[in-house]
Amino acid sequence: MRNVVGVLPDLLEQTGIMLWMVAVSLLLGGIGGLIIGTGLYVTRRGGILQQGAVWWVLNILVNTFRPIPFIILLAALQPIGRLVVGKGIGTEYAVFAIAIAATFGIARIVEQNLVALPTGVIEAARATGASPWRIIRTVVIPESLGPLVLGFTFAVIAIVDMSAVAGLVGGEGLGNWAVTYGYRQFDEVVTWSALVVVVVVVQLIQALGNGLA
């Protein structure tokens, strides 16, 4: 069993990989989720761009992917991963799978926060003659920014959790490191070091999200 100093180089390296995975997954999943979630909001009944067929398709899509346990989604997406990133294992595939899962989770978070926007704000914008797209860009998103930041903060923490599970398909990071060199080799220093770092990272993310909101 190594001491804390002995595991520090590997700990820092795997922490960096985890943060990279989280950042890329959040970027891809955040953009996709924001687009789909906003689409759900504006195409719903009474929405700015009411379109029942579009809302139905988006809603079914989100309801199909969002409840799937991530560990099952990791296995199910392997054929698509081979087409998109050229492999069904490894860190790149893990990021792809996390981004897909994050997209549909964030989409529902975005929709729920936008629905809470008072209708009076939208009506006031309409009364000024603003177009639907201008209302979305300059009223809907800015007015919901605080709750959206908190929603995205929740999503980031969920992505940190998914990055750990991704070690099961060869994705690097703290999860794979803790299981391979901690759990399987009975090295409690490795396991607890990874645990402490994850807790600290989550605390920092939550504090940043609260501050920005």
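The numbers here are math on the coordinates, done by the rules we state, and not lab data. Bear in mind the structure is a predicted one, so any value in this text is a computation, not a measurement. Neighbour counts run over all protein chains shown; Cβ positions are idealised from the backbone, glycine included.
Report the FRET efficiency, 1/(1 + (r/R0)^6), for V202 and E13, where r is their Cβ-Cβ distance and R0 is 22 Å, rounded to 0.05.
Details: r = 20 Å, r/R0 = 0.89.
Rounded to the nearest 0.05, the efficiency is 0.65.
Which percent of Cα-Cα pairs in segment 91-146 sits in each 10 Å bin, short to long?
21, 37, 23, 14, 5, 0
If packing is taken as the mean number of other Cβ atoms within 10 Å per residue, what is the order of 196-205, 40-49, highest first?
Values: 196-205: 14.1, 40-49: 17.9.
In descending order of packing, they fall as 40-49, 196-205.
Over segment 147-186, one equal point on each Cα, no solvent: what is log10 I(q)/I(0) by the Debye formula at q = 0.17, 0.18, 0.19 Å⁻¹?
-0.50, -0.53, -0.56
As a test of the formula, what do you get for the chain when each DSSP H run with n ≥ 4 contributes -39,500 (n - 2.57) and the sum is divided by the residue count, at 222 nm and rounded to the nearest 500 deg cm²/dmol? It would help to have the intermediate numbers written out before the result.
Working: 10 runs with 157 residues, N = 213.
After summing the helix terms and dividing by residue count, I get -24500 deg cm²/dmol.
What does the convex hull of the Cα atoms come to per residue for segment 45-99, in Å³? Mind dumping the intermediate values first?
Values: hull volume 5.6 nm³, N = 55.
Per-residue hull volume (Cα only) is 102 Å³.
Given just the C-alpha atoms of segment 111-213, how large is their convex hull per residue in cubic angstrom?
Values: hull volume 11.0 nm³, N = 103.
Hull volume normalised by residue count: 106 Å³.
Using the alpha carbons of segment 18-143, what is the convex hull volume per residue in cubic angstrom, as a whole number?
Values: hull volume 14.5 nm³, N = 126.
Roughly 115 Å³ of hull volume per residue.
Scaled to the compact-protein estimate 2.2 N^0.38 Å, what is the alpha-carbon radius of gyration of segment 1-77, rounded to two decimal places?
1.71
7 Å from Cα along Cα→Cβ at both A53 and A76: what's the point-to-point distance in nm?
According to this spin-label approximation, the distance is 2.6 nm.
With viscosity set to 0.890 mPa s at 25 °C, what whole-number translational diffusion coefficient in µm²/s follows for the chain from Stokes-Einstein and a Kirkwood radius over Cα pairs?
The estimated diffusion coefficient comes to 131 µm²/s.
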